[in-house]
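Down below is the structure, laid out as structure tokens.
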Amino acid sequence: MSASRSTSLAVSINATLADLMEQRPEMLLLGEDVGRLGGVFRVTRGLRDRFGADRVRDSLLAESTIVGQAVGMAMSGLVPVCEIQFDGFTYPAVNQLVTQASRIGDRWNGQVRPSLVVRIPTGGGIRGVEHHSESNEALFARVPGISVACPSTGEDADQILRYAVTIGSPVVVYEPIRLYWRRNTPARDPQPARSATAARIVRRGADLTIVTYGAVTNEVLEAAGALATEVDAEVVDLRWVAPLDLETILESVARTGRLLIVHEGSRDVGIGAEIAASVAERGFDLLRGPVRRLAPERRPYPPADFEKDYLIGVEQITAEILGMTK
Amino acid sequence: MSEPLDVRVPSFGHGLDEALLIEWVAAVGNRVERGDVVAVVETNKTTTEIVAEHTGRITAHAATAGTVLSSGAVLYQLAAD
Amino acid sequence: MLRHMLVARGIDEEAGQLQKQGAIDLWLSCQGHEAAQVGSALAVGPAPTVFPSYREHAVALLRGVAPDELVAQWAGRTFCGWDPRRLRFFPYTLVLAAQTLHGVGYSIGQRLQGREDFVVVYIGDGATSEGDMSEAMNLAAVEAASVLFICQNNGWAISKPAGEQMHTSVADRARGFGIESVRITGQDPEAVFAVCARAAAHVRERQAPFLVEIQVERIHGHSTSDAQELYRSPDDIERARATDPVTAYAARLSGLGLVDADWFHLVGAEIRDLRERLIKEFAG
């Protein structure tokens, strides 16, 4: 199987943030340890030296403070790009995101359009301790007024961040921790997405559509590659889970007639449920078989010794593909 | 004296499974106590030390400075006391 | 000052009346808070940006919010009836204390851009129990943000009395965060004005936050959906009414000969006109 060795996700995001900071004087970075340390994942390494402590701000260790003050900064015309240290520490900021950031535009009758980005390192497979391996993107996907992106490559993260700082409403960007430093990833179809908000077809195929996003996109590509002689699978990397690019999904399902959805966030009331329901409503006649979902069951993320049982692996995906196409 | 042990490159946490070997601090033939610095490596996040897991004498290095180490690969051999 | 207090009282009474008629959905009365609101708002002047909670009607009117703009959100027409940017009076925030962090962040943002960074954050005693208030005080302290916190303590978080909400005053709590503070009674608008003017000078000169806790009486329930008779004794409610800052200040200025019957007649006519316009707008 071919693989590409490219710039890592962390290095790529660092370069994008640096470039945006250069271009946009109203932008600033705000988060725990993002300045002196460069963030726990070093994604903001070197940026404080380059842009100064006013624009690369080490925040207090309080997530509501981070997002709450960012809302105020956005009201003053700045574009704050916040970092939450780990996905599982997002919850203290949920009130400020859900009841405030997402609603400011409406409350101000459009007079303020806050461009505000919250970057959240996400996902497991890194032997994290409790709360350090979660995937809570479906939580914000349910909130009107918040856009939710889940890039799985540096190239996608670059396009998404450049778009996110311009749209005048909050964007939560989930960055897969286990891809931050990974350089060997399965090759992807080079054709770019139709737009900054569109899904991207990362593998062309005719027998089955697999819709996925985030770190597990790589496992899906590995599984599809391993079965290439038996099944010709098409893989759609959503890149955004809110709003969803249903058009790309439906067009793909129209070609293949089969749909499998794979994600790392837990299955119940998850992103896959929304996709399955939407395809059933709008594309039922396109389907040759039932839509299937492959995602962890509804239980807390386990201690690291058990995470392999929790996460969706290549073998499970392979088995599911074979089951659906045999 | 027992057979030399294969000592492997540790995991560096949070999905970091590679590091650049900067230098060997403990040369072949050196005796090390558990906890002594054996080598200095640089991960994508930081510079860190690899410390001896056992007390004994280092009998071989399995990599040279400047190479990229992968977690789980053999790093050096040690004849434990 | 008396005129502002009387106008606020008149609008508040009319909104309460319209709610009883079913013409608006909910009203949160500011009766008893007028001296605190008018005194503080005049003391800081028009330059600072105000982050209100949701009961600062007298401040809103003083900043130029028209009565119908003030009432519109309580009649289900909008989430904010006025132009927040032009009036530098930002929208009411109904999730308790969320605006405190916005206020501090706004002040920091303004300072970073070299613009007027003086912010006034209003909050009630009940909302100070929210974590965001503590976070905002700490953030303001460590960032030396130009934020004046004005806490109107009316003694009640809906039905929970202040004595069961906190074991120190809000002013004491602010000092624990390294914010200088003062606690005063809020019956006399001139006293409130004097203290808030000094507080504003502190914020401007020292570029540091300050907190003024103003003890007021809540004459009506928390909202028109509240029934304070269920948890407050008739004597306590009567006592609150007896300390009404509007009637007390009117009597005092009359006694000093600073206002006369003609003045009251003129202001009364102005208020009647405003009330009639509200009736036409919402019950017409």
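Here, each number is a calculation from the coordinates, and none is a lab measurement. This is a predicted model, so every value here is computed, not measured. Please note: Cβ atoms are built from the backbone with ideal geometry, for glycine as well, and neighbour counts cover all protein chains shown.
General observations
- In chain A, the longest principal axis of the Cα atoms and the axis of helix A:63-75 are about 70 degrees apart.
- Amide H contacts under 5 Å for A:Leu29, placed H, 5+ residues apart: A:Val56, A:Arg57, A:Val81
- Reach of C:Lys20 by Cα under 22 Å, taken over lysines that are not fewer than 8 positions away in the same chain: C:Lys280
- Cβ charges +1 (Lys, Arg) and -1 (Asp, Glu), total dipole of chain C, debye: 540 debye
- Prolate/oblate/rounded label for segment A:183-323 (Cα gyration tensor, a/c 1.5): rounded
- For segment A:43-77, applying the loop criterion from DSSP together with a ceiling of 15 other beta carbons within 10 Å to the trypsin sites (Lys or Arg not before Pro) yields no site.
- Difference of contour (0.36 nm per residue) and Cα-Cα distance, A:Asp49 to A:Phe284: 79.1 nm
- Against chain A, whose longest principal axis comes from its Cα atoms, helix A:246-256 is set at around 20 degrees.
- By DSSP, the beta bridges lying fully in segment A:187-325 are antiparallel in about 20 percent of cases.
- Working note: Karplus 6.51/-1.76/1.60 with θ = phi - 60° gives segment C:229-236 the couplings 4, 6, 10, 10, 6, x, 5, 5 Hz, where Gly and Pro are set to x.
- Taking all Cα pairs closer than 8 Å and separated by 6 or more residues, the relative contact order of chain C comes to 24 percent.
- Contact order relative to length of segment A:255-326, as percent, for alpha carbon pairs under 8 angstrom and 6 or more apart: 38 percent
- Annotation for segment A:82-183: GluC sites (Glu not before Pro) lying in DSSP loop with at most 12 further Cβ atoms inside 10 Å of their Cβ are A:Glu130.
- Given R0 = 22 Å, the distance between the Cβ atoms of C:Ala248 and C:Val182 translates into a calculated FRET efficiency of 0.55.
- Result for chain A in a Gaussian network model with C-alpha springs under 10 Å: among A:Asp156, A:Asp19, A:Asp237, the largest mean-square fluctuation is at A:Asp19.
- Inter-probe distance in nm under a simple model that places probes 7 Å from Cα toward Cβ, at A:Ile167 and A:Ala15: 2.4 nm
- The mean sequence separation of alpha-carbon pairs under 8 Å and at least six residues apart, normalised by the residue count of chain B, gives a relative contact order of 41 percent.
- The shape of chain C comes out rounded: with a ≥ b ≥ c from the C-alpha gyration tensor, a/c is under 1.5.
- Taking chain C as a Gaussian network of alpha-carbon nodes connected by springs under 10 Å, the highest mean-square fluctuation of the residues C:Ala127, C:Ala97, C:Ala60 belongs to C:Ala127.
- Here is the list for segment C:13-107: trypsin sites (Lys or Arg not before Pro) lying in DSSP coil, each with at most 16 other C-beta atoms within 10 angstrom of its C-beta, are C:Arg77.
- Principal-axis tilt of helix C:98-112 within chain C, Cα atoms, nearest 10 degrees: 60 degrees
- Cross-link reach is defined here as a Cα-Cα straight distance under 18 Å, omitting same-chain residues fewer than 8 places apart; for C:Lys160 none of the lysines meet it.
- Cα gyration tensor category, rounded, prolate or oblate, for segment C:58-108 with a/c compared to 1.5: oblate
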